[in-house]
Amino acid sequence: MTARGNIKNSRMHFKFQNESNTDYKGTKPTAEKSSIFEVLALMIVHLCKKVLFFDTNLKIAIYLGALFLLSLIADVLTFPKTYFSRSDNIFNQYFVKIGWFWTLFLSVPYVVLTAYTICCGKRKVILTSHLSRLLIATISWYMWTTVFNIIETKYGRCNSNKFESKVTCLKNGHFWNGFDISGHCFILIYSSLVLIEEAKAINGWERIKDYIRDENYTRSQNDKTPSQNPLRNIKPDDLNTLKTSYEKFTPYVRALLIAITCLQLLWDIMLVSTILYYHIMVEKFISGIIAILSWFVTYRVWYTIPNIMPKLPGQGLFKYNSDKPVQANIPTRKRTSLTNSKHFMGMPINKIQENDTTEDSR
């Protein structure tokens, strides 16, 4: 055999240090590559989460501070007139005055899609544990705005003694003097807090894809070892429903989250406008207190009680939005493909694997 043949033969039998005789067929699959469009979508979603999930306690403190101090200043000083000081501005006419419609218009489909996914299509659970929160919020909104109107009508009077009812007073061009608790401030604050709470179902959403892939692999291998994967104990039919609905609904969930963020920002802008140009400080401050208490009693007290319906957003047949991601308990060698993958804003992005084979030198 020639020297060149010996060298070639030795190269063919040479093993790199990290190589082994292990057959990698059947090892845990890696995450799919993310497209540029998906990465851009995740960047926008990440930004929206930063805006929406600003410290809620601090946000409430800012609301109360603005309602008290800024309203007090507005009662003493006259701020320059702007487009937002006009009651017929487009945002007031077509958004704030029907503000609860817009809140439900975005929150209902968002809750339906997220709840359907994490509840694996179980309609009874979706209705009792999730959609019922929006029903309760709607009842609360209607009840308080009705009470505000009753207080103003019953304990007010017309500036003309000829008219005793608010309707006839206003119809004849007069002014009704009453304690007008600001319904605008109430709906803007309450709607913002409800939207923020409902949007929290997106936290940890991207992990579900990893959990589904890991669990599908574990079940295909008939692996009975203990696992920390939250999908470990759900039924096969539920797992299939979860996989299908997650892939189908995720783009819509992201789009709705972006729209919810835009609406919540608009509510904050219109709240500032209301504080500067409408009502007196007491009327605005009381409405803000009632809105915050309505949110606190439901989302921070009622919905946190175990075994009581409804549940908090994101609570389904499995837990996916914990602070730390849960990894399946699998052998280290099989986990290599997962630990070597990179993540961007919660989404796995695979490195392009290099070809391990080398071409024989000639």
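The values are calculated or read from the model by the stated rules, or taken from the named source; none is laboratory data. This is a predicted model, so every value here is computed, not measured. Every residue, glycine as well, gets a Cβ built from its backbone with ideal geometry; the counts of neighbours run over all protein chains shown. Surface areas here come from the heavy atoms of the whole protein model, side chains and all, with no ligands, DNA or RNA. Shrake-Rupley method; radii C 1.70, N 1.55, O 1.52, S 1.80 Å.
Okay, here's what the table says:
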item: Sequence-distant residues sharing a close amide H with ASN177 (under 5 Å, placed H); result: ARG157, CYS158, ASN159
item: Probe 1.4 Å, all protein chains present, accessible-area order of ILE118, ILE90, largest first; result: ILE90, ILE118
item: Rg(Cα) / (2.2 N^0.38 Å) computed for the stretch 196-268, rounded to two decimals; result: 1.41
item: Whole-Hz couplings from phi, Karplus 6.51/-1.76/1.60, listed for the stretch 210-219; x for Gly and Pro; result: 5, 4, 5, 4, 5, 5, 4, 5, 4, 6
item: Simple spin-label estimate for GLU32 and VAL51 in nanometres, 7 Å along Cα-Cβ; result: 2.8
item: Carbon and sulfur %, accessible surface of the stretch 155-303 computed with the full protein complex present, 1.4 Å; result: 60
item: Where labels lie 7 Å past Cα in the beta-carbon direction, separation of VAL76 and VAL301 in nm; result: 3.5
item: With every protein chain in place, the stretch 75-153: carbon and sulfur % of accessible area (1.4 Å); result: 73
item: Label zone at ALA255 (point 7 Å along Cα-to-Cβ), backbone N below 15 Å, the stretch 78-106; result: 106
item: Separation in nanometres of the label points that stand 7 Å from Cα toward Cβ, at ARG123 and THR225; result: 4.2
item: Solvent-accessible surface ranking, highest first, for GLU197, GLU164 at 1.4 angstrom; result: GLU164, GLU197
item: The stretch 111-221, accessible area per residue, ligands and nucleic acids excluded (1.4 Å, Å²); result: 46
item: Largest-first ellipsoid semi-axes for the stretch 60-198, taking √(5λ) over the Cα gyration tensor eigenvalues, angstrom; result: 36, 20, 14
